[in-house]
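This report refers to the structure that appears directly beneath it.
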Number of protein chains: 2
Amino acid sequence: MLEAFSNPRSVAVVGASREEGKLGHAVLKSLIDAGFLGPIYPVNPKADEVLGLKAYPSVKDCPGTVDLAVILIPGKLVAPVMKECGEKGVKGVIVISAGFREVGAEGLRAEHEIVDIARQYNMRIIGPNCLGYIDTIAKLNASFAPLMPRKGTIAFMSQSGAIASSILDIADARGLGMSRFVSLGNKADLNETDFLQEWGDDAETKVIMIYVEDIKTGARFMDVARAATRHKPVVAIKSGSTSAGTKAASSHTGALAGSDAAYTAAFRQTGVIRATTVEDLFDFSEAFTNQPVIREDGVCIVTNAGGAGVMAADAVEHAGLKLAQLSPQTMAALKEKLPPAASVLNPVDVLGDAQADRYGLALDIVSRDPNVNAILVILTPQIVTQPKETAEITARLMTNSPIPVFACWIGGALTAEGVKILTANHIPAYPEPERAVRSLRAMLDYRRWLQRPKFQPRSYDIDRKAIEQVFDAARKDGRLQIGDAEARAVMQALGIRVPGSGLAEDADEAVQVAEQIGYPVVLKIASPDILHKSDIGGVKVGLKDAAEVRAAFATIIANARSRKPEAEIWGCQVQEMIRGGREIILGVNRDPQFGPLMMFGLGGIYVEALRDVSFRVAPLDELDAREMVNEIRAIRLLRGVRGEPPADIEAIVDSIQRLSYLVTEFPEILELDINPLMVYEAGKGAIGLDMRLVLAS
Amino acid sequence: MLEAFSNPRSVAVVGASREEGKLGHAVLKSLIDAGFLGPIYPVNPKADEVLGLKAYPSVKDCPGTVDLAVILIPGKLVAPVMKECGEKGVKGVIVISAGFREVGAEGLRAEHEIVDIARQYNMRIIGPNCLGYIDTIAKLNASFAPLMPRKGTIAFMSQSGAIASSILDIADARGLGMSRFVSLGNKADLNETDFLQEWGDDAETKVIMIYVEDIKTGARFMDVARAATRHKPVVAIKSGSTSAGTKAASSHTGALAGSDAAYTAAFRQTGVIRATTVEDLFDFSEAFTNQPVIREDGVCIVTNAGGAGVMAADAVEHAGLKLAQLSPQTMAALKEKLPPAASVLNPVDVLGDAQADRYGLALDIVSRDPNVNAILVILTPQIVTQPKETAEITARLMTNSPIPVFACWIGGALTAEGVKILTANHIPAYPEPERAVRSLRAMLDYRRWLQRPKFQPRSYDIDRKAIEQVFDAARKDGRLQIGDAEARAVMQALGIRVPGSGLAEDADEAVQVAEQIGYPVVLKIASPDILHKSDIGGVKVGLKDAAEVRAAFATIIANARSRKPEAEIWGCQVQEMIRGGREIILGVNRDPQFGPLMMFGLGGIYVEALRDVSFRVAPLDELDAREMVNEIRAIRLLRGVRGEPPADIEAIVDSIQRLSYLVTEFPEILELDINPLMVYEAGKGAIGLDMRLVLAS
């Protein structure tokens, strides 16, 4: 689909310059130096040749077809050139020029203009305001990046050109190669989702590495990411996650950074592995590109230093991984081959005087143990240690290992040569066990993602008409807020149980309804203008007989009249009194990037004082809903503590899915809260006591 | 105090060997190579000279005094040599030899023997089973470490010789020098606390760096650490913190690793900065040794990459730090000097085309802003960036800055030279903003520690006699568990309010007591053999009149008889019924290393299901107690949510201090729980409902 970039037959450089130090010179030089095999056409009306290549006054003058154009002229001059490109039949344009959205309203107009032109001529744009595009497979470097990456299997995209420069430099220092590289810039046309889709199917790419500050099309990103991550790991940094960070993001790129909760949820729901630092981004990507994905949990540590083994074991546990339980055969074999003082438990301690051969013996034995699913080889440079030879024997034994192998040569100059040998042999060598373990954790998460059943959001046979009626009625009244009986009607239509209830216009009617429902009952003020009923004395609970109902009716109406004199009052809602059960809150908000963001938490103090909630983007499936429930810290309370029976978690999972279906089917729902959903013990269901819903205007 | 090691007049090497590759050769060579100025005596009965120095058959044959002896002969032969050292008047002995505690019972006996000899002759021992001792001030390298550190201001001690080797190698690679270095080995005599005390007063040492797997004398360590951290930062790794790690620790060193909660508490209470990785250990130490300690919060970021600025701002917020609010003057000055597109808010974005001079302008301006208490300079290698020159101008402007300055040159080969210049000029250069920010966090924690008032545990005028009587009575009965009325007597003696109550042997007496206390009351089985009263139906609450009390008495006694037929039954405890208030748990356990470890948490589900508790080691002072209370996640519940009044936090702080005093004054208390302590609203106090106490046998 994006062949114009990854495999163009010819490239024009509009703004190619003879002057060293100019971008138009640097980019043309990069193109030539990278060894692109097709014709390269410098476009410059004031020059006959640039860097030894014949130059042309305009794109249209270039001989033959031009698949790809790189544009470097000032922002204001880009639009007419884009038109020429369109007329010439150019398919892809890389607009390196700045002067668009990032400089304000006028720039934004200019940006819209070039996008319109591109659409008109069926061209795709990278940028504007970017570093360019590099493809090591096509030997194409259409960028002013500070260096050309070596060929490799990592594809990298970056919203920031500056970060991209650092990433290229670090990758080079770590000996990591790339297949494709794109600096997305302002993302006027092509964005992260387009390249994710492209690279997900790219046979040259084993790992996709992403740096973004915002995601443009949240829902499409999620669909594409769900598919891409089935084929290969996607590791992403999303920066601007805290409020301080977000402030910097807006002043920098004008990006409207979505709330971090939505990004966290979206990445988790689509199998995107989130890195929080550039170090993690590289550590994970290096692990994935060089080693097989771990099959299941079970890490074996081989070390010449007990203390380092302890730290590694700590790290394994902190990361939620497990040390492999070595088989009796393994332990017997280790006992036979290692000195008596060595530890044949895991961590396997080959002792401070271990030389390369002893490491070799231990590695050979533990790698045959079926309980061992990953190996971490640790070395500290002690007096007789052989960092180089140990690296060699590790590389020899572990190349093409079916399980991932990581190394930690902990030191400086003494271990440097060993680290080089390991890296050259595709065994990731981290300076500390903690980093190797974090990479293993990322691998195990990815393995579990691969094992996860396909995404299957459920459809429900809901009473769509009833819901539409409620919404229509509200809109007709000029109301966007829906609560009380109307909201309960929506819940009922959605298949969520609600308490028995009825509206009473006077005390007699209230008694009548109460007697139908059965005592005790609750009375609540019924008014379209009163949202927080308790605050104005508009709720009375535990009413046991007709007399209490009458008294409560009078008090509530009086309270409402005196505290909210302007409110329209319909009477009181009489409701079944719900006792027992545990209070749950379910909520939905619209995230600017991802749309409906769902929240789950235990009600009352848990949400307010402990902020113990979880988030997911709708639509979600049963597994998402289940994970959402299991994610809160207070989950033990739902599973039952102190001999209490467990709560009906299935009913919660069902309610979450129904809500997800509702907000997906009715995108006009802006906000929604069920608070509380009372959940009874397992098998006894849940009941929605109150709902508040806001429609989009 | 440890001058025999840090400033010996002469050194003997017992086991000095002519054979290359032997430790006895390596250590002697290290000593000679390091340039020690006093005489060095090889001791070897089979050689006349070793490495050009005259050798002696025994320590006793060495001419003149010998202050320090390094022993390298096999473990079994060490004791007689120690005796000779004693007779010669040696003051310090470094036993590098292995074959002691780490090889089992026989080795442990040998270790005790050499300690006894040392005591007899007033000698101090480093080791056995260690790498040795290095002192760059005395130009002494009495070790077989793989390299001699350069002279510097970091003192480092390590329980693990292997980790020590790595640390020396990494320090060298990072250009960090050391003042002193000790490998503690088995810590038969001198341990971490001794060196902490020594180095706390050492004018040559600015930072103390520690790697330990256990701490031998917890209480003394805390006293010494509290004093040392007033003089200089102490950064420590304690490994073996999780159960997996602890398992490795026991199989490796035979160390009985204390629970991590106790270490965490002890470090926090004494101002020791805890690092969890070797990287943090170095990052923090490098920051402290090269930069002034931050005065207060307020970080300014200067960057040529918006994205990196966002990541740094994120890291600042995640670390609980704040971005400095730049003054209007600063922003005006920046606006004047920087290009219009630059961001003069913090993060200050000098833009991608910034060269060294523009960084210089920005740094000069922000460093004068009184709101700026730390500066983080970030550079990504873009097309016109000058990593080297920017490092130079940063070094020139920021050397001797009164506020800490950190750099992040994010890259590989392109930034390497700049990093070298920064490091050489004592500006810590981290590869990522996150690491710089973690170091700043450590600095701010240390600043707050320095500002903290002196440790002042409070004494209470308690009824010591009453407590002793209860303990004596229990012991006389052969009981170690104390509960019910006895425990309440202890609480009362300690000054903690308890509910009105009395023991009733029969139903009549129960009614009588109830009428004295006032209805409603609680009845509880009174039996020395029944600890969990509710479990056997031994508690009835809310008894409103004489009839209910009689009925409850009968039921409780019957339940106890049938469910615990073997139990001795004293009757029922009649208690004031306590309503309202919030349930708190206070507990104490004995930690093997640190002694009384106190726990605080909200009662009920919070402790059991959410494990939301905090720990401190007793004795503690008011500030410790207050921090302990504020540390739990549910603290908002005590401060008052949803319009509830705040709880009486002062009463909790007081109760914690009283308990701390109790368990410090009565070391025979092994365990203790007040569960619950009912806490009323602010100003209304707290009341201990139930206590359980276990005495040491």
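The values are calculated or read from the model by the stated rules, or taken from the named source; none is laboratory data. As the structure is a prediction and not an experimental result, all values here were calculated from the model. Backbone-built Cβ (ideal geometry, glycine too); neighbour counts: all protein chains shown.
Does B:Ser614 satisfy the condition of being more than 14 Å from chain A (Cβ to nearest Cβ) and closer than 25 Å to A:Leu638 by Cα?
Working: more than 14 Å from chain A (Cβ to nearest Cβ): yes; closer than 25 Å to A:Leu638 by Cα: yes.
Here the answer is yes, as B:Ser614 does meet what is asked.
Counting only strands (runs of 3 or more DSSP E) wholly contained in the range A:126-231, the ones carrying 1 or more residues that are free of Cβ contacts under 8 Å to residues at least 40 places away in the same chain and surrounded by fewer than 24 Cβ atoms within 10 Å (Cβ to Cβ) occupy A:151-158.
For the range A:182-201, give me each residue that is hydrophobic (A, V, I, L, M, F, W, C) and more than 20 Å from the chain's Cα centre (by Cα).
Going residue by residue through the range A:182-201, those that are hydrophobic (A, V, I, L, M, F, W, C) are A:182, A:184, A:188, A:190, A:195-196, A:199.
Of everything in the range A:182-201, just one residue is hydrophobic (A, V, I, L, M, F, W, C) and more than 20 Å from the chain's Cα centre (by Cα), namely A:Ala188.
Screening the candidates A:Asp353, A:Asp369, A:Asp364, A:Asp349 for the property of being over 19 Å from A:Tyr430 (Cβ atoms) and touching a strand residue (DSSP E or B) at 6+ places or on another chain (Cβ under 6 Å) yields one hit, A:Asp349.
I'd like the residue in the range B:295-307 that is crowded, with 24+ Cβ neighbours inside 10 Å and within 33 Å of the chain's Cα centre (by Cα) and, out of all such residues, is farthest from B:Leu444 (Cα to Cα). So that I can check it myself, show each step before the final result.
We begin by selecting, within the range B:295-307, every residue crowded, with 24+ Cβ neighbours inside 10 Å; these are B:299-307.
Narrowing the set further to residues that are within 33 Å of the chain's Cα centre (by Cα) leaves B:299-301.
Details: B:Val299: 11, B:Cys300: 15, B:Ile301: 17 Å.
That would be B:Ile301.
The conditions of being closer than 29 Å to B:Leu620 by Cβ and charged (D, E, K, R) are met by B:Asp280.
Residues of the range A:280-311 that are touching a Ser or Thr at 6+ places or on another chain (Cβ under 7 Å), at the interface with chain B (Cβ under 9 Å from one of its Cβ atoms) and among the hydrophobic types (A, V, I, L, M, F, W, C): A:Ala305, A:Ala308, A:Val310, A:Met311.
Quickly run through the range B:595-632 and pick out the residues that are at pLDDT below 85 and of a type outside the set (Val, Ile, Thr).
Applying the first criterion (at pLDDT below 85) to the range B:595-632 yields B:603-612.
Listed by number, the residues that qualify are B:Gly603, B:Gly604, B:Tyr606, B:Glu608, B:Ala609, B:Leu610, B:Arg611, B:Asp612.
B:Asp353 meets all of the listed conditions (1) within 40 Å of the chain's Cα centre (by Cα); (2) of a type outside the set (Gly, Ala, Ser); (3) closer than 15 Å to B:Gly306 by Cα but one, namely (1). Checking each residue in the range B:437-450 for being farther than 20 Å from B:Ile208 by Cβ and out of contact with any strand residue (DSSP E or B) (no Cβ under 9 Å at 6 or more places or on another chain) picks out no residue at all.
Yes/no per residue for (1) without any contact (Cβ under 8 Å) to a residue 60 or more places away in the chain; (2) more than 17 Å from B:Asp673 (Cβ to Cβ):
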| site | (1), (2) |
| --- | --- |
| B:Leu450 | no, yes |
| B:Ala466 | yes, yes |
| B:Ala474 | no, no |
| B:Arg488 | no, no |
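Yes or no, residue by residue, for (1) away from chain B (no Cβ under 14 Å); (2) touching a residue at least 24 places away in the same chain (Cβ under 8 Å); (3) crowded, with 17+ Cβ neighbours inside 10 Å:
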residue	(1), (2), (3)
A:Val27	no, yes, yes
A:Ser30	no, yes, yes
A:Lys46	yes, no, no
A:Val50	yes, yes, yes
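Selection of the range A:315-350 for residues being in a loop (DSSP other than H, G, I, E, B) and not aliphatic (A, V, I, L, M) yields A:Gly320, A:Lys322, A:Gln325, A:Ser327, A:Pro339, A:Pro340, A:Asn346, A:Pro347. Only residues that are surrounded by fewer than 17 Cβ atoms within 10 Å (Cβ to Cβ) and either in contact (Cβ under 8 Å) with a residue 60 or more places away in the chain or under 50 Å from the mean Cα position of the chain (by Cα) (or both) were counted in the range B:503-519, giving 6. Taken over the range B:619-645, the residue count meeting the criterion of being more than 14 Å from every other protein chain (Cβ to nearest Cβ), surrounded by 20 or more Cβ atoms within 10 Å (Cβ to Cβ) and in contact (Cβ under 8 Å) with a residue 40 or more places away in the chain is 3. Are any of the residues in the range A:389-403 more than 39 Å from the chain's Cα centre (by Cα), surrounded by fewer than 19 Cβ atoms within 10 Å (Cβ to Cβ) and closer than 26 Å to B:Phe282 by Cβ? Scanning the range A:389-403 turns up no residue that is more than 39 Å from the chain's Cα centre (by Cα), surrounded by fewer than 19 Cβ atoms within 10 Å (Cβ to Cβ) and closer than 26 Å to B:Phe282 by Cβ. Residues in the range B:567-597 that are of a type in the set (Phe, Trp, Tyr) and more than 42 Å from the chain's Cα centre (by Cα): 1 in all.
Check the range B:334-341 and report whether any residue there is in contact with a helix residue (DSSP H, G or I) (Cβ under 6 Å, 6 or more places away or on another chain), facing another protein chain (nearest Cβ under 8 Å), under 24 Å from A:Tyr211 (Cα atoms) and surrounded by fewer than 20 Cβ atoms within 10 Å (Cβ to Cβ). No: zero hits. Being surrounded by fewer than 24 Cβ atoms within 10 Å (Cβ to Cβ), closer than 22 Å to A:Val310 by Cβ and among the charged types (D, E, K, R): is that true of A:Arg441 here? Against the criterion (surrounded by fewer than 24 Cβ atoms within 10 Å (Cβ to Cβ), closer than 22 Å to A:Val310 by Cβ and among the charged types (D, E, K, R)), A:Arg441 qualifies. Within the range A:396-425, the set of residues being among the aliphatic types (A, V, I, L, M), in contact with a Leu (Cβ under 6 Å, 6 or more places away or on another chain) and within 24 Å of A:Ala442 (Cα to Cα) comprises A:Ala407 only.
Inspect the range A:79-102 for any residue being in contact (Cβ under 8 Å) with a residue 60 or more places away in the chain, buried (at least 18 other Cβ atoms within 10 Å of the Cβ) and aromatic (Phe, Trp, Tyr) and give the result as yes or no. Scanning the range A:79-102 turns up at least one residue that is in contact (Cβ under 8 Å) with a residue 60 or more places away in the chain, buried (at least 18 other Cβ atoms within 10 Å of the Cβ) and aromatic (Phe, Trp, Tyr). Do you know which of the residues in the range B:537-574 that are β-branched (Val, Ile, Thr) and touching a helix residue (DSSP H, G or I) at 6+ places or on another chain (Cβ under 7 Å) is surrounded by the most Cβ atoms within 10 Å (Cβ to Cβ)? If we take residues in the range B:537-574 being β-branched (Val, Ile, Thr) and touching a helix residue (DSSP H, G or I) at 6+ places or on another chain (Cβ under 7 Å), then B:Val574 is surrounded by the most Cβ atoms within 10 Å (Cβ to Cβ). The helices (runs of 4 or more DSSP H) falling completely within the range B:569-665 that include 3 or more residues that are closer than 22 Å to B:Ala493 by Cα map to B:649-665.
Got a sec? Which helices (runs of 4 or more DSSP H) wholly within the range A:351-451 have at least 1 residues that are among the acidic types (Asp, Glu) and away from chain B (no Cβ under 14 Å)? Quick ask: steps written out before the conclusion?
Details: elements: A:356-366, A:387-398, A:413-424, A:433-451.
Passing ranges, in order: A:356-366, A:387-398, A:433-451.
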